[in-house]
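What follows is one structure encoded as structure tokens, with my remarks underneath.
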Amino acid sequence: MDQPIIIEPITRIEGHGKISIHLAPNGEVADAKLHVTQFRGFETFCQGRPFAEMISLVERICGICPISHSLASAKACDDILGIRVPETAQKLRVLLNCGEFIQSHALSFFHLSGPDLILGMDAPAEKRNLFHMLQSHPEIAKDGIRLRQIGQQIIEGLTGKRIHPAWVVPGGVRTPLQEHERDTLLERLPEAQAILERAITLFIESLKKWQDEIEHFANFPTLFVALTNSSGQLEHVHGNLRCIDENGAILEQCQTAAAYQDIIGEASEQYSYLKSPFYIPRGYPAGMYRVGPAARLNVANGCPTPWAHTLWEQFRLFAQGPILSSFYNHFARLVEIVYCLETAEQLLQESNITSKHIRAHAQPNYHEGIGIVEAPRGTLIHHYNVNTDGLIERVNLIVATGNNNLAMNKGLVQVAKKWVKGSSLSEGAINRLQAVIRAFDPCLSCSTHAVRGPVTAIELLNYDGKLLDSI
Amino acid sequence: MTINTLQIATIWLDGCSGCHMSLLDMDEHLEKIAHLFDMVYSPLVDSTSLPASVDLILIEGAVSSEKDLEHLMNARKSAACLVALGDCAVTGNVPSMRNSFSLSDVLATSYQKDVSANPQIPTGFVPALLEHVTPLHAHVQVDHFLPGCPPPASAIFALLSHLLQGKQPDVSKLSRFGS
Ligand code: SF4
């Protein structure tokens with residue numbers, strides 16, 4: 001038995017987890033694993049609940065992307081009703097989603113990864129956080145806080161609450177957008193755009209520093225999965241799943257939500273509460289695929305809004321074919337914030353956005369419903385079965401971070417092989433092991449809906465299982 | 001660090017991170033009070049172990065695993081003042097909904113029934129789960145309860161600023177269960 005190095009908890013990511021690194025008898029890194037240490041059990045305790053209650057329940061899976069869970073859940077419920085959601089409600093759902101992507105990507109880029117990107121991976125641990133950045137780099141920290149706030153304010157402006165609003169409902173949304181709210185939201189957008197211009201410049205200028213990280217942060221061929229719209233462009237709320245191979249060729253173009261069952265399977269592993277989805281035709285674990293911001297830009301053949309499209313072109317020039325290094329997720333997040341700012345601006349200017357016709361009503365008409373959206377961290381699938389009274393009989397949730405599980409583990413091995421030397425852990429190695437996980441921006445509370453908590457132990461284990469070092 | 005800086009920690013047990021997000025929702029208030037405290041341990045910073053003594057610890061989430069319990073016991077030893085932040089910490093809330101089922105059924109549904117490969121229950125490198133999910137006060141004395149799912153940022157700010165000034169906080173009008 002080999003013996004791992006354990007890093008626990010993994011800080012500055014949203015969830016509970018730890019990392020173990022296993023050495024071979026010759027002292028070289030043999031394997032590395034991410035262990036997600038939280039478990040919730042939503043699949044069981046939702047059984048027997050009325051389907052319409054699901055939206056407010058599943059929001060509690062995650063405090064960062066509750067909107068994604070509410071949208072996936074609402075789409076599954078729409079499916080159970082067999083209903084057509086009014087046009088304004090569709091638009092308001094997309095607008096709400098823009099707010100969430102802006103806040104969640106801002107959190108990932110500025111609050112969580114910002115300290116690494118600005119101060120460097122080798123900066124002292126006590127400095128690598130937002131609170132310290134407020135003193136050392138107040139302008140950047142304030143930009144991050146403000147951008148996240150603008151995202152949260154879109155959510156609040158629509159729903160009256162920032163976290164767990166339970167505003168999306170089966171058949172539509174709960175309340176219309178008020179005109180004065182629309183005006184206030186529109187007024188804030190230019191400030192957000194200015195923040196993005198600064199962030200993009202900052203990131204592009206810093207790219208030279210990151211050649212080693214780009215080369216080793218989960219930089220390997222995998223499949224990629226994401227929703228696209230009917231023209232194959234970037235899409236977060238509607239559209240169908242597409243899967244491309246490592247060279248960019250389209251392997252699957254689903255025509256219905258239900259078709260996900262033919263391409264995505266799930267496996268359990270003994271070492272983690274996070275399940276490992278895989279691409280069925282290639283089997284487990286060969287069917288490794290990635291989701292999330294960079295995957296979405298790889299899968300899409302463009303963005304529907306102009307500034308985001310220009311940035312998408314810039315992104316695709318980072319390499320030939322699909323962009324393989326997960327380090328570029330940081331840039332992809334900025335591209336997606338731009339897409340959301342542009343989309344929000346367009347929607348807020350549409351004449352029927354304040355229409356009062358925002359909900360359609362029906363009784364449950366079908367026993368099964370499937371809702372798929374792109375959450376900030378990637379594809380999110382809610383699949384419900386109900387009985388004739390609309391009580392839940394079965395729930396299956398495939399969450400964004402789970403989709404990346406196999407790739408995150410492989411990414412850890414790649415980083416460990418490059419930076420872990422000998423039988424102890426250097427500060428730089430510890431932080432890079434966490435940073436490669438952070439590049440995926442995993443949401444471990446989602447992943448383990450199922451599970452929750454912050455990842456934060458690293459254990460370095462010898463080939464015979466003896467603990468050599470840990471944090 | 002000045003002498004008067006309060007040492008603060010935040011801990012995330014079985015919650016959804018929403019309470020931590022609500023803390024960040026203090027937005028510009030965060031900038032105003034950031035210099036008054038030192039965040040010595042939190043999912044938001046890099047320190048990996050809780051110092052032996054901390055002035056104030058805010059805890060999100062219920063107690064669901066052996067690890068949660070260990071964290072909570074350590075926190076109680078170290079904290080001069082311990083706050084149950086949000087409904088999960090105060091009542092058990094959504095995580096405790098699994099209490100009506102047996103733990104083995106809950107695990108089997110997630111890891112054996114709904115999978116297409118390797119059906120098995122995780123047991124290695126992951127903490128054992130407790131049969132029942134409980135709120136903090138089932139195990140330790142809690143100094144302040146702040147309900148809400150999550151508690152609004154304004155309530156967290158009021159609580160923090162009172163405690164930072166050494167006053168007794170009264171947040172009963174600022175937050176309520178559920179919203
Ligand atoms: S109280 Fe609500 S917001 Fe806080 S952790 Fe629990 S579910 Fe999340």
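The values are calculated or read from the model by the stated rules, or taken from the named source; none is laboratory data. The structure displayed is predicted, hence computed values, not measured ones. So basically every Cβ, Gly included, is an ideal-geometry build from the backbone, and we count neighbours across all protein chains shown. Just so you know, the surface numbers come from the protein's heavy atoms only, side chains and all, with ligands and any DNA or RNA stripped out. Shrake-Rupley method; radii C 1.70, N 1.55, O 1.52, S 1.80 Å.
Here are the numbers:
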quantity: Virtual spin-label span in nm between A:A194 and A:R49, 7 Å along Cα→Cβ; calculated: 4.3
quantity: 26 Å Cα-Cα threshold exceeded, pairs from A:K356/B:K173; A:K75/A:K356; A:K75/B:K173; calculated: A:K356/B:K173; A:K75/B:K173
quantity: Overall form of the range A:99-248 per C-alpha gyration tensor (a/c, 1.5; a/b vs b/c); calculated: oblate
quantity: Cβ charges +1 (Lys, Arg) and -1 (Asp, Glu), total dipole of the protein assembly as shown, debye; calculated: 220
quantity: Potential extension, A:Q255-A:S230 segment - 0.36 nm per residue separation minus Cα distance; calculated: 8.0 nm
quantity: FRET efficiency, A:E28 to A:Q270 (Cβ-Cβ, R0 25 Å, nearest 0.05); calculated: 0.55
quantity: Chains A and B together, accessible area buried on both sides, 1.4 angstrom probe, square angstrom; calculated: 5400
quantity: Solvent-accessible area per residue, Å², over the protein assembly as shown with all protein chains present [probe radius 1.4 Å]; calculated: 33
quantity: Relative contact order computed over chain A (Cα-Cα under 8 Å; 6+ residues apart), in percent; calculated: 34
quantity: CD proxy at 222 nm, helix term only [per DSSP H run n ≥ 4: -39500 (n - 2.57); per residue of chain B; nearest 500]; calculated: -7500 deg cm²/dmol
quantity: Kyte-Doolittle mean at least -1.0 and Cα axial length at least 27 Å: DSSP H helices in chain A; calculated: A:87-106, A:138-159, A:179-206, A:329-348
quantity: Accessible surface of chain B, 1.4 Å probe, proportion on carbon and sulfur as whole %; calculated: 55
quantity: Theoretical FRET efficiency, 1/(1+(r/R0)^6), r = Cβ-Cβ of A:H238 and B:R176, R0 30 Å, to 0.05; calculated: 0.25
quantity: Straight-distance crosslink candidates among aspartates and glutamates, where the alpha carbon sits under 12 Å from A:K161 and sequence neighbours closer than 8 are dropped; calculated: B:D25
quantity: Förster-model FRET efficiency, 35 Å R0, A:K466 and B:Q141, C-beta, rounded to 0.05; calculated: 0.35
quantity: Theoretical ellipticity at 222 nm over chain A - DSSP helices of four or more residues, -39500 (n - 2.57) apiece, nearest 500; calculated: -12500 deg cm²/dmol
quantity: The range A:106-174, accessible surface, carbon-and-sulfur percent (1.4 angstrom probe); calculated: 50
quantity: C-alpha center-to-center spacing [the range A:334-369, the range A:409-435] in angstrom; calculated: 43
quantity: Whichever aspartates and glutamates have a C-alpha closer than 14 Å to that of A:K466, once near sequence neighbours (fewer than 8 apart) are set aside; calculated: A:D2
quantity: Share antiparallel - DSSP beta bridges, chain A, percent rounded to 5; calculated: 85
quantity: Distance violations [Cα-Cα > 19 Å] among A:K142/B:K32; A:K275/B:K113; A:K209/A:K410; A:K33/A:K275; calculated: A:K209/A:K410
quantity: Mean Cα-pair separation over length for the range A:284-352, i.e. relative contact order, pairs under 8 Å, 6 or more apart, %; calculated: 39
quantity: Share of alpha-carbon pairs per 20 Å distance bin for the protein assembly as shown, given as whole %; calculated: 20, 59, 20, 0
quantity: Normalised contact order of chain B, rounded percent, pairs of Cα under 8 Å and 6 or more residues apart; calculated: 25
quantity: Phi to ³J(HN,Hα) by Karplus 6.51 cos²θ - 1.76 cosθ + 1.60 over the range B:160-168, Hz, x for Gly, Pro; calculated: 4, 5, 4, 5, 5, 8, x, 9, 7
quantity: Inter-label distance for A:E393 and A:K208, nm, one decimal - labels placed 7 Å from Cα along Cα-to-Cβ; calculated: 6.4
quantity: Residue of B:S100, B:S161, B:S65 that the Gaussian network model of chain B assigns the largest fluctuation, springs spanning Cα pairs under 10 Å; calculated: B:S100
quantity: Furthest towards positive pole of dipole, A:A295, A:A439, A:G369, structure part the protein assembly as shown, Cβ charges; calculated: A:G369
